[in-house]
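This report concerns only the one structure given below.
The values are calculated or read from the model by the stated rules, or taken from the named source; none is laboratory data. These figures come from a predicted structure and were not determined experimentally. Positions of Cβ are generated from backbone atoms using ideal geometry, with glycine treated the same way; all protein chains shown enter the neighbour counts. Each accessible area value is taken on the protein alone, full model and side chains, heavy atoms only, with ligands, DNA and RNA left out. Shrake-Rupley method; radii C 1.70, N 1.55, O 1.52, S 1.80 Å.
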Amino acid sequence: LKRKFQPPKRVENSQRGGKSSVGSCPVPKRSGGGVQIARPTSSSSRADNGANVDDQEELPEELQHLDKELVKKIQNEIMESGDKITFDDIAGLDEAKQTVQEVVCWPMKRPDLFTGLRRAPNGLLLYGPPGTGKTLIGKAIAHESGATFFSISSSSLTSKWIGEGEKLVRTLFAVAAFRQPAVVFIDEIDSLLTQRKASENEASRRIKTEFLVQLDGTGTTGQGRVLVIGATNRPQELDEAARRRFTKRLYIPLPAEMDRSILLQVMLKTNNHILSIEEVQKLARETDGFSGADLKALCTDAAMGPIRQLGDRALTIDVKDVPAISYKHFRKSLKGTKPSVAPSDLIQYEEWDKVYGTNR
Ligand code: ADP
């Protein structure tokens, strides 16, 4: 017996405890983005579009012309419902946060206000060193504008989804249009939209063409509200056609000393530690060139310090007797940790930003 399509329940993330503003913004009575698809009906609203879709469920009418297996895969593997990241969860990056609020979040919430000259960009490019919060920003945009978040990396388009890449791109945008407002986050966008090389195979060329077609048909105003966010550590690999489509291009740099101090304080909150504020500030000075992800790795290693110190006793000790994490543990961990981004790479990002960045 076939059951009627029941949108799966959204899974709350107990660790983050973020606001659940999803579903709170107005929804215009309009059909989809790049692919013309009607809005979900009340039985399949985007407010509860969370987790897995099982085999028995029928697709909503608007999606029935699509490959059912592929739609299910997209809903189960690419559509995310877990982390509710807010802008408050992202340390530093104040300018970037302010800009995306204005140019992306508000138009997603009020498409009727952002028309004409105020029209929002169809594509947002976030570029900079790895581990600086680009994915977090994508998630926060989706969460704070009440949008469904779809996340895929370019490498998985050409490897995991081998043979189905082109169809997957088309189906993904169709599902996103149906679930709008939606954010489609494409990590490593450079490898999808890289400058054409003679060695490029037919399959990747077709995926790229399909993606550009879909990108041209999306937008947060006009046809629908599907925002494409591309993230890259190698912006210089994008060709002119790709750059032109990402009309907003934001540099997400390494955290400055002040931001590192905030990041360290946020990360330390989750465990018992005895670092004074002066010691945290000292650590922030000592971690020049570290990305957010590098700092997280440093904190994770330092947090193991008290356990290492206990040796075998760690297996029997009472939790309350475990020594607190101290500056000494961080010093030890720092000896074995290096920033993952080379200074020469930073110069390249800054130069690309000067030429192609649209920070305002
Ligand atoms: P990328 O820029 O490569 O997309 P991510 O957004 O995936 O980086 O960040 C990797 C991890 O590093 C995050 O899960 C988080 O733990 C940490 N991190 C990086 N930047 C920040 C930041 N600005 N605020 C909070 N955490 C951060």
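Applying a threshold of 29 Å to the alpha-carbon distances of Lys68/Lys248; Lys84/Lys320; Lys269/Lys335; Lys72/Lys208 flags Lys68/Lys248; Lys84/Lys320 as lying beyond it. Solvent-accessible area of segment 238-360 (1.4 angstrom probe, protein heavy atoms only): carbon and sulfur portion equals 55 percent. Taken over the Cα atoms of segment 279-324, the convex hull encloses 88 Å³ per residue. Two decimals is fine: what is log10 I(q)/I(0) at q = 0.13 Å⁻¹ for segment 55-113, from a Debye sum with one equal scatterer on every Cα and no solvent? Treating every Cα as an identical point scatterer, log10 I(q)/I(0) equals -0.62. Between Gln101 and Asp216, the modelled label-to-label distance comes to 3.6 nm, taking each label 7 Å out from Cα in the direction of the beta carbon. Average accessible surface for segment 77-125: 46 Å² per residue, computed with a 1.4 Å probe over protein heavy atoms with every protein chain in place.
Annotation: extensible slack from Thr115 through Asp239 equals 41.8 nm (criterion: 0.36 nm per residue apart, minus Cα-Cα distance).
Ranked from highest to lowest mean number of other Cβ atoms within 10 Å per residue, what is the order of the peptides 58-67, 227-236, 267-276, 88-97?
Order by mean packing, descending: 227-236, 88-97, 58-67, 267-276.
Distance distribution P(r), segment 273-360, all Cα-Cα pairs, bin width 10 angstrom from 0: 15, 35, 25, 16, 7, 3 percent. Sorting the segments 165-172, 117-124 by their mean number of nearby beta carbons within 10 angstrom, highest to lowest, gives 165-172, 117-124. The stretch between Ser156 and Asp94, if pulled fully straight at 0.36 nm per residue, gains 19.2 nm over its current Cα-Cα span.
When Rg and the Kirkwood radius Rh are both evaluated on Cα atoms of segment 83-169, their ratio Rg/Rh stands at 1.02.
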